[in-house]
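Here is the structure we will look at.
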Amino acid sequence: MKKIDLHIHTVQSISDRYFEFDIESLKEYVDLLEIDCIAITNHNLFDKTQFEQICQELNIKVFPGIEIDLESGHLLLISENEQLDDFNLKCQKVKDSIPTKDDSISYEQLIEIFPNLNNYLLIPHYDKKPNIKPNTIAKFGDNIFVGEVTSLRKFKACIKEADKLTPVIFSDCRFVENMPSYPTKQTFVDAEDTTLNAIKGCLYDKTKVFLSKEDGNDFFQATDDGIMLSTGLNVIVGGRSSGKTYTLNKICDSFDNVKYLRQFSLLQNDKENFKKLVTTRHSLVTENYLKEFKDVVLDVNEIDLKSNEISLEKYLSSLKKYASESDNLDTFSKCKLYNETKFTLDNLENLKKLISATETLLETNEYKDIVNNHITDDSLKNLITELIKKHNELYEKNLKKDWTNNLIESIKENLRFRSTTTSIEEVDFEKIQFEKIKVQKFTRLVKNVQTEKVIDSKEIRGFKVLAKTKKYTGASQLKKKSKTTLGFSEAFNNYENPYNFLTALQNVGIEETDFYKYFVDIDYRTLNKHGYEVSGGERSEFNLLHEISDALKHDLLLIDEPESSFDNIFLKSEVNELIKEIAKEIPVIVVTHNSTIGASINPNHLVFTQKLVNNGNVEYKVFFGHPTSKTLKNVDGELIKNLDVLMNCLEAGEEAYNQRNTMNYEILKD
């Protein structure tokens, strides 16, 4: 079994943040983590001189490699440690082809530089950003059979699914001086030696790729000092100040995308703050519900009824004055174009939407059979052709109308400049009437939106979160909504008249894109299983359940002493079950000193932290093993009795446990 890390950076490239490589850190990493084989894979470059120096310093196999920006993704290309001059020349061509961090090369360019791809090990970013797209991977055929992923969860998922590439997980690390800890992202392959062909042979077979040396894919190394954890459910126990939280923090620092529920962090005694928290969590509900309303508000905000009234008044006034002067028209005002109206341009937006919709029906592969049951591709092609012809016809007419309108306007300006007769003001009756109807419909829409109703309901393990619409009742609520010191009193005086309220909001000083938020309030209520508002303790319980439920968006869940805030019945009936469900998907690590979690939850793995003080010197030790094992051991091979650990950490000692059972509980039985 060989432990490999084939993604290591040693040179700062144009794609990297600043760092200075330290060979001593790399040597310590290789020794501490017992790495058998590494590859140097810098971004779009290969430093032959540095590579040879690294090979001299390390006592393990080192492969030359390069991480290439390929068609907007990243590809590791690794070579056997032979013909370095040839490999160096090829990598220089890659570097020359990618002058900036935003550039990449194509598949065709790659095979032009590296014509014999089967001589290399190719590892694309698979479930890792920036990933190589499936259509690019397909171009490589059998030359790609392995892909790099970012998490244990993704690794296990790829191992199980037959149509996925063989997964590998690497450090992707830049080694600098005084590193606080070293990454634990490596992959084990069941190979006898560390030749490139031997490793390729293992990676071609998923049954020869593992997360751990002795326990396959059920365990992984969590910290650089050798702590092993299950990919399922882990419990950490220990005495006070024995290093439990320290160990949890170290695990957190070793991984990305971690959900960490710290001790006491979920206590929620303040009702107002709890309501803010719930509202923030469910803000997407509000956004989705008011999405279309927001568009309407932005549209109506462009309407100026007062300006329309002024336009009508100017038109009528000029019309009457022109009529009174009709007997004394001069040569210029008698011209037909003197009061000519402009051509109205056709609105092509709906036609564009029809074309787009037809394109979607024609090009989509999903539900294609259903679409073709009603309309054939040929019919869709004919339809889109006719729609495009119509669009182009109307577009051409609009161009002509626009040109003519500009000419008319130019002539009218010259005629009016020379005439003393009043000209009739232009007015768009259609626009004015249309905007008037819009405002009327807007008023009805706002009244409907403001009507109290439940718009969303979510169940979270016995709790229910209701989202309900309601009207604002005062200017102070609007001010609170804005999170500013702006005044809303004058605006709120118009609240019952939606259009006037919208106009008044323009003078408050808030962003136009936020106007829609001030028409209706979305109130969130959290109810217990009896349908009543949650109490202080229940708010904390809800917080814990919500945060744990949210953990599946992450790659690791850490919980520090949940019993500090919750009672045993709640922990056993609600929390334990939920934690075990999540542990089927991602690793879960719980620190506890409570038997309800520590024992009743039936974890896959037990970790015990111990603090020893000898002659004033403090030493921390970590033991681990299966919960039913007689003994637990640490990385140095030392053993400790599991029963003693559980009794002292979860039950206050065996004597207290036995005494409590016989004296307190037995006498209460029937």
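Listed here are the residues, each with its yes/no results for (1) touching a helix residue (DSSP H, G or I) at 6+ places or on another chain (Cβ under 8 Å); (2) not in a loop (DSSP other than H, G, I, E, B).
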position: 288; (1), (2): no, yes
position: 293; (1), (2): yes, yes
position: 296; (1), (2): yes, yes
position: 316; (1), (2): no, yes
position: 321; (1), (2): no, yes
position: 330; (1), (2): no, no
position: 337; (1), (2): yes, yes
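With the structure loaded, tell me whether residue 531 is closer than 30 Å to residue 579 by Cα, modelled with pLDDT under 90 and loosely packed, with under 15 Cβ neighbours inside 10 Å or whether it fails that test. Yes: the conditions hold for residue 531. Checked against the criteria, residue 181 counts as at pLDDT below 95, part of a loop (DSSP other than H, G, I, E, B) and of a type in the set (Ser, Thr, Tyr).
The single residue among 59, 81 that is over 12 Å from residue 120 (Cβ atoms), polar (S, T, N, Q), in contact with a Leu (Cβ under 9 Å, 6 or more places away or on another chain) and assigned by TED's automatic domain parsing to the domain that holds residue 132 turns out to be 81.
Inside region 445-480, residues that are assigned to a helix (DSSP H, G or I), under 30 Å from residue 532 (Cβ atoms) and either touching a Lys or Arg at 6+ places or on another chain (Cβ under 6 Å) or aliphatic (A, V, I, L, M) (or both) make up a count of 3.
Quick grid of which residues meet (1) under 30 Å from residue 128 (Cβ atoms); (2) modelled with pLDDT under 85; (3) among the polar types (S, T, N, Q):
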{"residue": "556", "(1), (2), (3)": "yes, no, no"}
{"residue": "566", "(1), (2), (3)": "no, yes, no"}
{"residue": "570", "(1), (2), (3)": "no, yes, no"}
{"residue": "573", "(1), (2), (3)": "no, yes, yes"}
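Restricting attention to region 434-463, the residues being β-branched (Val, Ile, Thr), closer than 15 Å to residue 521 by Cα and free of Cβ contacts under 8 Å to residues at least 12 places away in the same chain number 0. Screening region 486-558 for helices (runs of 4 or more DSSP H) wholly inside it with 3 or more residues that are touching a Phe, Trp or Tyr at 6+ places or on another chain (Cβ under 8 Å) and within 30 Å of residue 462 (Cα to Cα) returns the ranges 536-549. If the condition is being within 14 Å of residue 390 (Cα to Cα) and either exposed (fewer than 11 other Cβ atoms within 10 Å of the Cβ) or not assigned by TED's automatic domain parsing to the domain that holds residue 398 (or both), then region 346-363 contributes 347, 349, 350, 353. Checking the structure you have, find out if any residue of region 193-207 is of a type in the set (D, E, K, R), buried (at least 21 other Cβ atoms within 10 Å of the Cβ) and either without any contact (Cβ under 8 Å) to a residue 60 or more places away in the chain or in the same structural domain as residue 16 (by TED's automatic domain parsing) (or both). No: zero hits.
What do you reckon, is residue 145 aromatic (Phe, Trp, Tyr), modelled with pLDDT of 95 or more, in the same structural domain as residue 164 (by TED's automatic domain parsing) and closer than 30 Å to residue 258 by Cα? Yes; evaluated as a whole, the condition is true for this residue. A Cβ distance below 6 Å, combined with a sequence gap of six or more or placement on separate chains, defines the contacts here; from region 263-283, residues that are within 29 Å of residue 244 (Cα to Cα) reach residues that are modelled with pLDDT of 65 or more and assigned to a loop (DSSP other than H, G, I, E, B) in the pairs 263/561. Being of a type outside the set (A, V, I, L, M), buried (at least 17 other Cβ atoms within 10 Å of the Cβ) and either out of contact with any Phe, Trp or Tyr (no Cβ under 9 Å at 6 or more places or on another chain) or part of a helix (DSSP H, G or I) (or both): is that true of residue 260 here? Yes: the conditions hold for residue 260. The requirement of being assigned by TED's automatic domain parsing to the domain that holds residue 591, within 24 Å of residue 273 (Cα to Cα) and surrounded by 15 or more Cβ atoms within 10 Å (Cβ to Cβ) is not satisfied by residue 548.
Suppose we keep only residues that are part of a loop (DSSP other than H, G, I, E, B) and over 27 Å from residue 578 (Cβ atoms) within region 603-645. Which one would you say is modelled with the lowest pLDDT? Ranking the qualifying residues of region 603-645, first place goes to 616. Note on region 55-70: residues that are surrounded by fewer than 20 Cβ atoms within 10 Å (Cβ to Cβ) and among the hydrophobic types (A, V, I, L, M, F, W, C) amount to 3.
The set of residues in region 129-149 that are without any contact (Cβ under 8 Å) to a residue 24 or more places away in the chain and either part of a loop (DSSP other than H, G, I, E, B) or among the hydroxyl-bearing types (Ser, Thr, Tyr) (or both) comprises 129, 144.
Given the structure, is residue 435 under 20 Å from residue 314 (Cα atoms), not assigned by TED's automatic domain parsing to the domain that holds residue 333 and not in a helix (DSSP H, G or I)? Criteria not met by residue 435.
The values are calculated or read from the model by the stated rules, or taken from the named source; none is laboratory data. Since the structure is predicted, the reported quantities are computational estimates derived from the model, not experimental observations. Using ideal geometry, Cβ is built from the backbone for each residue, glycine included, and neighbour counts are taken over all protein chains shown.
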